[in-house]
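Colleague: Handing you a structure now.
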Amino acid sequence: MRDITDRALDTAASQGASYADVRVVRRLEESIAVKSGRLEGVSSSESEGFGVRVLVDGAWGFSSSNWLTPAEADRVAAEATRIARASATALRNRVALDSRPPALGHYETPLDIDPFTVPFETKIAELLAADEEANRVKGIVYTETTYGAQREWKTFAASDGSFTEQVITHVGAGIESNAASGDEQQRRSYPDAGGGWQAAGYEYIRGLDLKGSAGVRAEEAVALLTAPLCQPGRRTIILDPSQLYLQVHESCGHPTELDRVFGTEASYAGTSFMTTDLLESGFRYGSDLITIVADATAPGGMGTFGWDDEGVAAQAVPLVQNGIFVGYLSSRETAPRIGRQSGGAMRADGWNRIPLIRMTNINLQPVPGMSLDEIVADTDDGLYLASNRSWSIDDRRLNFQFATEVAYEIKGGKKGQLLRNPTYTGITYEFWRSCDAVGDERSYVMLGTPNCGKGEPSQTGHVGHAVPGARFTNVQVGVGNG
Amino acid sequence: MSVDIDPRRRLALAEKVLLAAEQAGATEAEVLVLADDSALTRFANSEIHQNVAETSATVNLRFVVGKRVAVVTTGRTDNDGLVALVDQAASIARVVEELEDWGGLPEPQPITEAEGGWSEATASASPESRAEGVRAVIAAADEAGSVAYGSYSTGAETIAIANSKGIRAVQRQTSAQLLTVSMAPNGGTGYAEAVSVDVDRIDPAAIGREAAEKARATQNPVAVEAGEWPVVLEEYAVVDIVDMLGYLGFSALAVQEERSFYEPGRRIGSDLVTMVDDPNDPNGLPMAFDFEGVPKERVSLIDHGLCGEVVYDAQTAARAGRQSTGHGLPAPNPYGPFPLHMVMSPGTSSREDLIGGLDRGLLVTRFHYTNPVHPKLCVITGMTRDGTFLVEDGKIVGPVRNLRYTMSYLDALAGISAVSAQRKTLKGFLGGVVVPAVRIDGWSFTGTTEH
């Protein structure tokens, strides 16, 4: 690989680049989909290429190719510098990067069972067995049981002498059971909508026990068809980790991306209310119970790595400490603008995309005291919401609205009646300030999503979220159900 | 450019892989070659901050043994990569379960070349020419006292398909898109977008002026209450309605899985609503055949408010005992077919007519972060963005803060009382669309925000 990276860096320097980096990425993916008892699709894909990023006259240029030859490295590096010169014709502030020691070393996701060595027929049989359990339930109209795995071999080299190699493996699986009657359609998923995902080996898939959980969720999907509607009102709600992680993702992860704060996503996903003046003033983001950390070292998280995609070592960066806004997800370009060093959050979706500030593992820290079950027992009147069904948030990340697959009525500390089509809405900081209970280590689980979208051209990110459950008061629920 | 997007050579590559698959024991095989040469210049704070180019090629092999189907994709188009592709597909296909209702790969049909889908100007667009366009957008923002954000992309793609039933299909296409958000002091924001096969038909200065003028007009927005409001939706907002209808309702798979609102002949809109999927509409982004090599049919989705047809790929068509309409996506595709070229018929109203018909209502430029709350009822939530105005007695009074809505898009279709004569070509998440602006008698706003 050195022949490609050295050639690209040399050519970039000879063409006038003051800084250059090159990433060579090989990505292997496989997926299996079972629908309603039949194998719907088995696929495997391989992608390999390299991308060269350069700074010329203080402006960025990037080019990429899937043709791995030294001559192509020359062409791509030269094209990147030409593009950077074009960028410089519409530039008002020269890019300046923070300093860091050259990154050197090797990182590999720890795992017990290599998912790519488990035979397809074994994986298919396990999915079919789980799918069959769900389809035993009368009233289910279709089921979908899925498996996926991704491995990236990533080599990073930069003009400052950095050279790192990483092998990162992610796996996921899940089952969705769908019931329908007339205009009503209900879904229950396990372990999570879209499946459960971790940086791990096939041992994580086995640990999910899809077969053992499929039937119960399928029965809930059918029961939801005739369950009472979640009525509009202001209620105390408890969010299960399967929903709480997405609340963290949308209302803390994205708004603390410093590139978004500086406007570089303004024309696409929007900006952020968490502006730099709020960082300086010690803005109260949530109640004292809320501590959120961007931790790229967390075991099992899909945002865990050795170095980010500009060679900054993995680290844990506090974003919210005891309710106070204290930090951002940042890069070598953005961090110096607030007087800090990069927090190592630059990640690219493959060889043909430029790194952007992305979430790593955005974790809501557990609070010693009560488990999630004990929080339920401590709640006299409320709703327990689980498994995301839809999500939406405004372009400054203030007004959000989520729907979950299910709500359970809580009366006298006990979960009871299922409620159909639950939704809740609020303003981000008002919502987090209303948190009066966070679960302890006993309910702290690593979840995540493999489909976080950002950027143009679009990039799909794998990010992690470790969360316990939590309780919030005086929340508007049942939007649209009146 | 290093990736070869020459149509004949891409088809020859597909045929080469097909032959290897047949020699490896495939009873049926399909090879899809996608070659792409694209670039995007992104700007924010009135300067270019990201400027990227990509050349890539992928080969997608669907390898069938009896009813056992495997799909393998590779980005390695050298000989070793292609040999590995066929070996991997053959090994998977021999061990997987049979697909009980496998309908077979599609048979060849005559394909008529899509006219107007290729532009040399777009294919050869340079970083310098995109930067020139961006500077024109920025100049328009500077003149209006606002700040420009956005992206300018150009791309060329070749699609080649060969299958063991005899399909040999190849097409090439280009597209260009310029979009910008302009931000003025005191909370003003505006949006404009242009999409075309031919980059020379995009006028960056005009797009910049449209967004900047709207940003200037939306400064100091005031709060209005959520609730039921009559609205005029500009074309940028109508894109979302069209997209969601196509995504949730007009796929044969959604119907077969009982998650669609679709029923033949069901009234879901007012008489003014007619929508087709037309891959040959000269205003759209033409495409001759789908990703299975089946010629794309013009499909009537909504005819004067009544449900027409849904779109099929080969597998959903086999289940329904009919022919594919040419709406297949690359295999494997658990999501089913989608309409990728939706066109909504124009009406007779001018923009002034639409707004003039509101006694007290809101003019909405576009929607943001929309998502289905209840797919089968087509209930969607989302936010307004980049230009929302109060209208009284048929006249724009001033800008208002953004609002959240939660409502059924079927109710929205039913409430359409006027449609503009003018339409825009835009990009939705399912592809290029051609849409008018509309007036809707009732829109359910369910929340407010701070800007």
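Colleague: Being in a strand (DSSP E or B) and assigned by TED's automatic domain parsing to the domain that holds A:Glu184 is the requirement here; does A:Glu152 meet it?
Modeller: yes
Colleague: For B:Ala215, state whether it is not assigned by TED's automatic domain parsing to the domain that holds B:Val435 and not in a strand (DSSP E or B). Working first, answer last.
Modeller: Details: not assigned by TED's automatic domain parsing to the domain that holds B:Val435: yes; not in a strand (DSSP E or B): yes.
Taking the combined requirement at face value, the residue satisfies it.
Colleague: Need a quick list: strands (runs of 3 or more DSSP E) entirely within the range A:1-93 having at least 3 residues that are among the hydrophobic types (A, V, I, L, M, F, W, C), closer than 30 Å to B:Tyr149 by Cβ and more than 9 Å from chain B (Cβ to nearest Cβ).
Modeller: Strands (runs of 3 or more DSSP E) meeting the threshold: A:19-35, A:38-56.
Here is a yes/no grid of residues against (1) of a type outside the set (Gly, Ala, Ser); (2) touching a Leu at 6+ places or on another chain (Cβ under 9 Å); (3) more than 30 Å from A:Asn481 (Cβ to Cβ); (4) not assigned by TED's automatic domain parsing to the domain that holds A:Arg151:
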residue: A:Val293; (1), (2), (3), (4): yes, yes, yes, yes
residue: A:Ala298; (1), (2), (3), (4): no, no, yes, yes
residue: A:Gly303; (1), (2), (3), (4): no, no, yes, yes
residue: A:Ala314; (1), (2), (3), (4): no, no, yes, yes
residue: A:Tyr328; (1), (2), (3), (4): yes, yes, yes, yes
residue: A:Ala335; (1), (2), (3), (4): no, yes, yes, yes
residue: A:Thr360; (1), (2), (3), (4): yes, yes, yes, yes
residue: A:Ser390; (1), (2), (3), (4): no, no, no, yes
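Colleague: If I ask for residues that are within 30 Å of A:Trp351 (Cβ to Cβ) and either crowded, with 21+ Cβ neighbours inside 10 Å or not assigned by TED's automatic domain parsing to the domain that holds A:Asn363 (or both), which ones from the range A:428-451 would you list?
Modeller: Scanning the range A:428-451 gives A:Met446, A:Leu447, A:Gly448, A:Thr449.
Colleague: Something else now. Considering each residue of the range A:65-110, count those that are closer than 30 Å to B:Asp80 by Cα, surrounded by 18 or more Cβ atoms within 10 Å (Cβ to Cβ) and at pLDDT 95 or above, and give that number.
Modeller: 9
Colleague: Could you identify the single residue in A:Leu28, A:Leu9, A:Leu39 that is among the hydrophobic types (A, V, I, L, M, F, W, C), in the same structural domain as A:Ser99 (by TED's automatic domain parsing) and farther than 30 Å from B:Val96 by Cα?
Modeller: Checking each option against the conditions leaves just A:Leu9.
Colleague: Of the conditions (1) in contact with an Asp or Glu (Cβ under 9 Å, 6 or more places away or on another chain); (2) touching a residue at least 60 places away in the same chain (Cβ under 8 Å); (3) not in a loop (DSSP other than H, G, I, E, B), A:Val317 fails just one. Which one is it?
Modeller: The single condition A:Val317 does not satisfy is (2).
Colleague: Can you list the helices (runs of 4 or more DSSP H) lying wholly within the range A:194-306 that have 2 or more residues being away from every other protein chain (no Cβ under 14 Å)?
Modeller: Result: A:202-208, A:210-224, A:241-248, A:276-281.
Colleague: Taking the conditions exactly as written (assigned to a helix (DSSP H, G or I), in contact (Cβ under 8 Å) with a residue 60 or more places away in the chain and not basic (Lys, Arg)), does B:Leu426 satisfy them or not?
Modeller: So B:Leu426 does not fit the description; no.
Colleague: Right, something else. Quick one: which of B:Val373, B:Val434 is away from chain A (no Cβ under 12 Å) and in a strand (DSSP E or B)?
Modeller: B:Val434
Colleague: Take the residues of the range B:254-278 that are farther than 17 Å from A:Gly182 by Cα and among the β-branched types (Val, Ile, Thr): which is nearest to the other protein chains (Cβ to nearest Cβ)?
Modeller: In this case the residue turns out to be B:Val273.
Colleague: Within the range A:131-145, work out how many residues are outside any strand (DSSP E or B), over 14 Å from A:Glu40 (Cβ atoms) and either of a type outside the set (Lys, Arg) or modelled with pLDDT under 95 (or both).
Modeller: 5
Colleague: Which one is nearest to A:Gly301 (Cα to Cα) among residues in the range A:453-482 that are among the hydroxyl-bearing types (Ser, Thr, Tyr) and in contact with a strand residue (DSSP E or B) (Cβ under 9 Å, 6 or more places away or on another chain)?
Modeller: A:Thr460
Colleague: Moving on. Applying the selection to the range A:389-448, what residues are of a type in the set (A, V, I, L, M, F, W, C) and away from chain B (no Cβ under 13 Å)? Please lay out each step first, then the result.
Modeller: Step one: list which residues in the range A:389-448 are of a type in the set (A, V, I, L, M, F, W, C), which gives A:391, A:393, A:398, A:400, A:402-403, A:406-407, A:410, A:418-419, A:427, A:431-432, A:435, A:437-438, A:445-447.
Matches in the range A:389-448: A:Val406, A:Ala407, A:Ile410, A:Leu418, A:Leu419, A:Trp432, A:Cys435, A:Ala437, A:Val438, A:Val445, A:Met446, A:Leu447.
Colleague: Wholly within the range A:340-425, which strands (runs of 3 or more DSSP E) include no fewer than the required count, namely at least 2 residues that are under 16 Å from the mean Cα position of the chain (by Cα) and not aliphatic (A, V, I, L, M)?
Modeller: Because the criterion is at least 2 residues that are under 16 Å from the mean Cα position of the chain (by Cα) and not aliphatic (A, V, I, L, M), the strands (runs of 3 or more DSSP E) in the range A:340-425 that meet it are A:381-393.
Colleague: Quick check on A:Glu133: is it within 14 Å of another protein chain (Cβ to nearest Cβ) and either closer than 30 Å to A:Pro119 by Cα or under 18 Å from the mean Cα position of the chain (by Cα) (or both)?
Modeller: Judged against the criteria, A:Glu133 is not a match.
Colleague: Quick one: is B:Arg62 assigned to a strand (DSSP E or B), in contact with a His (Cβ under 7 Å, 6 or more places away or on another chain) and crowded, with 21+ Cβ neighbours inside 10 Å?
Modeller: Against the criterion (assigned to a strand (DSSP E or B), in contact with a His (Cβ under 7 Å, 6 or more places away or on another chain) and crowded, with 21+ Cβ neighbours inside 10 Å), B:Arg62 does not qualify.
Colleague: Among all residue pairs at least 6 apart or on different chains, which show Cβ distances below 8 Å where the first residue, located in the range A:174-185, is under 10 Å from B:Leu377 (Cβ atoms) and the second is among the basic types (Lys, Arg)?
Modeller: A:Asp183/B:Lys376; A:Glu184/A:Arg420; A:Glu184/B:Lys376; A:Gln185/B:Arg259; A:Gln185/B:Lys376
Colleague: Scanning the range B:411-435 for residues that are crowded, with 20+ Cβ neighbours inside 10 Å and within 15 Å of B:Gly269 (Cα to Cα), which turns out farthest from the chain's Cα centre (by Cα)?
Modeller: Per the criteria, the residue is B:Ala418.
Colleague: Right, B:Val96: modelled with pLDDT under 90 and crowded, with 17+ Cβ neighbours inside 10 Å or not? Outline the logic, then answer.
Modeller: Working: modelled with pLDDT under 90: yes; crowded, with 17+ Cβ neighbours inside 10 Å: yes.
So B:Val96 fits the description; yes.
Colleague: Sticking with this one: Counting only residues that are within 7 Å of another protein chain (Cβ to nearest Cβ) and among the hydrophobic types (A, V, I, L, M, F, W, C), which one in the range B:35-51 is surrounded by the most Cβ atoms within 10 Å (Cβ to Cβ)?
Modeller: Within the range B:35-51, the match that is surrounded by the most Cβ atoms within 10 Å (Cβ to Cβ) is B:Phe43.
Colleague: Given (1) buried (at least 24 other Cβ atoms within 10 Å of the Cβ); (2) under 24 Å from the mean Cα position of the chain (by Cα), where does B:Leu403 come up short, assuming only one miss?
Modeller: (2)
Colleague: When the range B:377-387 is examined, which residues are found to be more than 8 Å from every other protein chain (Cβ to nearest Cβ) and either surrounded by fewer than 24 Cβ atoms within 10 Å (Cβ to Cβ) or in a loop (DSSP other than H, G, I, E, B) (or both)?
Modeller: Passing the criteria: only B:Cys378.
The values are calculated or read from the model by the stated rules, or taken from the named source; none is laboratory data. Remember, it's a predicted structure, so these values are computed and weren't measured experimentally. Neighbour counts run over all protein chains shown; Cβ positions are idealised from the backbone, glycine included.
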